[in-house]
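Input: a single structure, listed below in structure tokens.
The values are calculated or read from the model by the stated rules, or taken from the named source; none is laboratory data. All values reported here derive from a predicted model rather than from experimental measurement. Every residue, glycine as well, gets a Cβ built from its backbone with ideal geometry; the counts of neighbours run over all protein chains shown.
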Amino acid sequence: MSDENVEVARQVFELWARGDFESGREFFDDTCEVCFSTTSFLLSGTHRIGRDALRTWVDFTEAFETLETGIDKALDRGERVVALAWIRGRGRTSGVDVDAQVGTVFTFRDGKIIRYELTDKREALEAAGLAE
């Protein structure tokens, strides 16, 4: 199942790369939770909001005037897929430019994302059992 999980993670990032941050709900389980790392995101904490976990990500993206995201590598870790990614954009209110290497850890059950953690690259590598 892990090859399929990697493909789902890539599809989610493809949607986000096109700026389509609201699509992809079919990839998320009804019990999905999202966790924003305290080291990287203003909305830090865990949000237990089912399929609407995606809404937390959408709220984050709406804080930007411009936003691009992409995936450099997806690492298969069985039930988890660790995506090494990047975010570039400009804050809507602040006008501050952001260019960050980030990580996303998707946890799967029965082909659906049940948790996704948005973190920095170092934490993502640690989740994959790798050192930077």
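Here are the numbers:
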item: Members of the stretch 96-126 that are of a type in the set (G, A, S), outside any helix (DSSP H, G or I) and closer than 18 Å to W16 by Cβ; result: A100, G103
item: Options E68, E26; residue that is assigned to a strand (DSSP E or B) and either modelled with pLDDT of 60 or more or under 20 Å from E123 (Cα atoms) (or both); result: E68
item: Tally of residues being surrounded by 15 or more Cβ atoms within 10 Å (Cβ to Cβ), within 14 Å of V12 (Cβ to Cβ) and over 12 Å from the mean Cα position of the chain (by Cα) across the stretch 81-118; result: 3
item: Residue that is farthest from G129 (Cα to Cα) [pool: residues in the stretch 71-95 that are among the basic types (K, R), in contact with a strand residue (DSSP E or B) (Cβ under 7 Å, 6 or more places away or on another chain) and part of a strand (DSSP E or B)]; result: R90
item: Test: G89 is modelled with pLDDT of 90 or more and small (G, A, S); result: yes
item: Within the stretch 2-23, considering residues that are in a loop (DSSP other than H, G, I, E, B) and on the phi < 0 side of the Ramachandran plot, the one nearest to the chain's Cα centre (by Cα); result: F21
item: Members of the stretch 63-103 found to be of a type in the set (D, E) and either touching a Cys at 6+ places or on another chain (Cβ under 9 Å) or within 19 Å of S37 (Cα to Cα) (or both), listed by number; result: D99
